[in-house]
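The values are calculated or read from the model by the stated rules, or taken from the named source; none is laboratory data. All of these numbers come straight from a predicted model, not from anything done at the bench. Glycine gets a Cβ as well: all are built from the backbone with ideal geometry, and neighbour counts include every protein chain shown. These area figures cover heavy atoms from the full protein model, side chains too; ligands, DNA and RNA do not enter into them. Shrake-Rupley method; radii C 1.70, N 1.55, O 1.52, S 1.80 Å.
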Amino acid sequence: MVQAWYMDDAPGDPRQPHRPDPDRPVGLEQLRRLGVLYWKLDADKYENDPELEKIRRERNYSWMDIITICKDKLPNYEEKIKMFYEEHLHLDDEIRYILDGSGYFDVRDKEDKWIRIFMEKGDMITLPAGIYHRFTVDEKNYAKAMRLFVGEPVWTAYNRPADHFEARGQYMKFLAQTA
């Protein structure tokens, strides 16, 4: 089951959990109300997983590749990690399936507070177009993830502020309807 919580405001290494004391957990239903979808799959059989194929078919995730985020495998690692952690949005859904390792997706709630979602092997997440978010590996500095797209991949991230994009407006309408 996914672990998510409201982040503390402490400065420091973003790869640390940043859990407040006392803990402020966030459940799957609260994530769903933000448009965030989650599945737990068997990452050891991702190449021939009927459950993954069913999700891809139902949601039209037609394109995929695999990225390994670690110093030895990702060119310009330090620069990329900083870029992934900049608060941004996309004009399309962001779909990630963790095949190995772990990291954190941070998303903004309706009050603009950060929710940290711990992702580890077998976790698959969809972040809706228009949601402000960021990503970092954890202190192990390693994650291997499948990236999925509807159609051809679009890699463009728009750093905040990006409220003028239609995807952001559509997302804000979605949030208003789930209030």
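In table form, for the structure just shown:
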read-out	value
Condition broken by GLN16, with the remaining ones in (1) more than 15 Å from the chain's Cα centre (by Cα); (2) of a type in the set (S, T, N, Q); (3) open to solvent by less than 50 Å² (accessible area, probe 1.4 Å) satisfied	(3)
Test: TYR85 is under 23 Å from PRO25 (Cα atoms) and surrounded by fewer than 18 Cβ atoms within 10 Å (Cβ to Cβ)	yes
The range 86-106 residues that are basic (Lys, Arg), paired with ones that are open to solvent by 30 Å² or more (accessible area, probe 1.4 Å) (beta carbon under 8 Å, 6 or more apart)	ARG96/ARG147
Boolean, ILE95 is under 15 Å from GLY35 (Cβ atoms), at pLDDT 95 or above and either part of a strand (DSSP E or B) or not acidic (Asp, Glu) (or both)	yes
Unmet requirement for LYS110, which otherwise passes all of (1) closer than 18 Å to LEU28 by Cβ; (2) crowded, with 16+ Cβ neighbours inside 10 Å	(2)
Conditions (1) touching a residue at least 12 places away in the same chain (Cβ under 8 Å); (2) part of a helix (DSSP H, G or I); (3) farther than 26 Å from GLU166 by Cβ; number of the one not met by LYS54	(1)
Conditions (1) over 19 Å from TYR104 (Cβ atoms); (2) loosely packed, with under 11 Cβ neighbours inside 10 Å: number failed by LEU52	(2)
Total residues in the range 124-165, condition open to solvent by 50 Å² or more (accessible area, probe 1.4 Å), in contact (Cβ under 8 Å) with a residue 40 or more places away in the chain and more than 14 Å from the chain's Cα centre (by Cα)	9
Positions within the range 32-51 being basic (Lys, Arg) and either part of a strand (DSSP E or B) or under 17 Å from GLY101 (Cα atoms) (or both), in sequence order	LYS40, LYS45
Scan of the range 66-85 for residues that are part of a helix (DSSP H, G or I) and free of Cβ contacts under 8 Å to residues at least 40 places away in the same chain, ordered by number	TYR77, GLU78, GLU79, LYS80, LYS82
Test for ARG57: is it basic (Lys, Arg), at pLDDT 95 or above and more than 15 Å from the chain's Cα centre (by Cα)	yes
